[in-house]
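> Here it is: the structure, laid out below.
The values are calculated or read from the model by the stated rules, or taken from the named source; none is laboratory data. Owing to the predicted nature of the structure, the values given are computational and were not obtained by experimental measurement. Note: ideal-geometry Cβ built from the backbone for every residue, glycine included; neighbour counts use all protein chains shown. Areas reflect the complete protein model, heavy atoms only, side chains present, ligands, DNA and RNA absent. Shrake-Rupley method; radii C 1.70, N 1.55, O 1.52, S 1.80 Å.
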Amino acid sequence: MMQSTNTPHQQVSTAALLPFTLITFAISWGILGVYIYFPGEAAGWFGEITGKDPAFVLAVWAPAFAAFAVVLYCGGVRGARAYLSRLGLWRCPAGWAGFLLLGIPLVFVAGAALKGTLLTDPLPFDTLGAALSAMVFMLFLGPVEEFGWRGVALPILQRHMAPLWAGLIIGATWGLWHLPAFYLSGTVQSGWGFAPFFLGNVCLSVIVTPLFNASRGSILLPALFHFQVNNPLWPDAQPYDTYLLVVVAVLIVWINRRTMLTREGAITEVMAPANRVR
């Protein structure tokens, strides 16, 4: 009998994008929906929701839960190991490394300068310990989402369209997914406007897409990108940070137009083949 020569990444079909999306929204909107429609009961059962509440953290991690559910169903433990090997892909062009380390902070500093609060707002933390604690928490909050958005959704979409369109679709989905948080007073989003936030999500998704492809499908580097965007050390620059992100997104698409507008070089694998594990 001829044995199958399928590699793990071939076991994740495009159809897996539907359960990934449904699970992601069901977990997040289900948890936050209980707090929105039954606030008294939810507070009594789980406590008042805040940005650090376990229920909120579970809602934020929904894309990761959905990603692992899809990967384990499609590829089992072997497939999950291959998928997780993408955390070991850390190499990227020097320009992208510089953007991660310096470019993103510069966006927030410039935005705060345009807002006129760069030198007037107090420092966000009184002590070094408080700053480090907040940074560690943020490192394990939002970046975990990248197991789903860039770990599963982006490579699947890039099988069928150019990276630019895939990034736009994920950005719009990503922005919409955050919507319930804007209706909860205990979340940071409750004090923001949804439209600028949505536009910012779309821009961030477009910006991180060529980084993802340049790193050959890394999950680690998009997670670090996500952390830098949420880094609590950066000054408040809303809404000017969004305006600057629009400019950055347009420039990055233009600079990378050859790879952003064609599928040449686009990463389409969810589970890395054995010869890519490093």
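> Given labels modelled 7 Å from the Cα in the Cβ direction, how far is it in nm from residue 165 to residue 236?
4.1 nm
> Work out, step by step, the length gained on full extension between residue 57 and residue 38: first 0.36 nm times the residue separation, then minus their alpha carbon distance; give nm to one decimal.
On the way: separation 19, 0.36 × 19 = 6.84 nm, distance 1.88 nm.
Between residue 57 and residue 38, full extension yields 5.0 nm more.
> May I pose another question? Once a ≥ b ≥ c are taken as the square roots of the eigenvalues of the Cα gyration tensor of segment 27-154, is the result rounded (a/c under 1.5), prolate (a/b larger than b/c) or oblate (a/b not larger than b/c)? Write down the numbers at each step before the final one.
Working: a/c = 2.35, a/b = 1.11, b/c = 2.12.
Since a/c reaches 1.5 but b/c is at least a/b, the shape of segment 27-154 is classed as oblate.
> Scan the chain and hand back the longest stretch that contains none of the GluC sites (Glu not before Pro) lying in DSSP loops with at most 15 other Cβ atoms within 10 Å.
Longest run free of exposed loop sites: 49-263.
> Oh, and also: How would segment 54-99 be classified by its alpha-carbon gyration tensor: rounded, prolate or oblate, with rounded meaning a/c under 1.5 and the a/b versus b/c comparison settling the rest? Show your work: numbers first, answer last.
Details: a/c = 3.81, a/b = 1.33, b/c = 2.86.
It is oblate, given that a/c is not under 1.5 and a/b is not larger than b/c.
> I'd like the per residue volume of the convex hull spanned by the Cα atoms of segment 122-243, given in cubic angstrom. All intermediate terms of the calculation are to be shown ahead of the outcome.
On the way: hull volume 13.6 nm³, N = 122.
Spelled out: Cα convex hull of segment 122-243, divided by residues, is 111 Å³.
> Quick one: what are the phi-derived ³J(HN,Hα) couplings along segment 132-137, Karplus 6.51/-1.76/1.60 with θ = phi - 60°, whole Hz, x for glycine and proline?
Once rounded to whole Hz, the list reads 5, 4, 5, 5, 5, 4.
> For segment 160-173, what does the Karplus curve 6.51 cos²θ - 1.76 cosθ + 1.60, with θ = phi - 60°, yield as ³J(HN,Hα) per residue in whole Hz, taken in order and with x for Gly and Pro?
The phi angles translate into 10, 7, 5, x, 4, 5, 4, x, 5, 5, 5, x, 5, 5 Hz.
> Just to confirm my numbers, what's the Cα centroid distance between segment 147-198 and segment 16-52 in Å?
17 Å
> Taking the Cβ of residue 200 as the center, what net charge do the other residues with Cβ under 14 Å away carry, scoring Lys and Arg +1 and Asp and Glu -1? Write out the running numbers ahead of the final one.
Values: positive: none; negative: 236, 241.
Around residue 200, the charge tally is -2.
> Still on this model: With every protein chain in place, what's the accessible area of residue 255 (1.4 Å probe, Å², nearest 10)?
Taking all protein chains as shown, residue 255 has close to 120 Å².
> When only Cα pairs under 8 Å and 6 or more residues apart are kept, what is the percent relative contact order across the chain? Please list the in-between numbers first.
On the way: 378 pairs, mean separation 88.3, N = 278.
Once normalised by length, the contact order is 32 percent.
> Enter the accessible area of residue 21 (Å², nearest 10), with the probe set to 1.4 Å and all protein chains included.
50 Å²
> Grab the DSSP H runs of the chain that are 4 residues or longer, score each as -39,500 (n - 2.57), total them, divide by all residues and round the 222 nm result to the nearest 500 deg cm²/dmol. The partial results should precede the final answer.
Values: 13 runs with 159 residues, N = 278.
It lands at -18000 deg cm²/dmol.
> Still on this structure, I have one more. For a test of the definition: using alpha carbon positions, the gyration tensor, and the 1.5 limit on a/c, classify the chain as rounded, prolate or oblate. Present the calculation step by step, with values, prior to reporting the outcome.
Details: a/c = 1.85, a/b = 1.26, b/c = 1.47.
The shape class here is oblate.
> Keeping all protein chains in place and using 1.4 angstrom, which order do 211, 118, 72 fall into by accessible surface area, from largest down? Provide the component values of the computation, followed by the final result.
Working: 211 0, 118 70, 72 90 Å².
Solvent-accessible surface, decreasing: 72, 118, 211.
> Further, regarding this structure: Using a 1.4 Å probe and ignoring any ligands, DNA or RNA, find the accessible area of residue 14 and quote it in Å² to the nearest 10.
60 Å²
> Hey, what do the phi angles of segment 212-222 turn into as Karplus ³J(HN,Hα) couplings, whole Hz, using 6.51/-1.76/1.60 and θ = phi - 60°, x for Gly and Pro?
Couplings: 4, 6, 5, 8, 6, x, 4, 8, 4, 5, x Hz.
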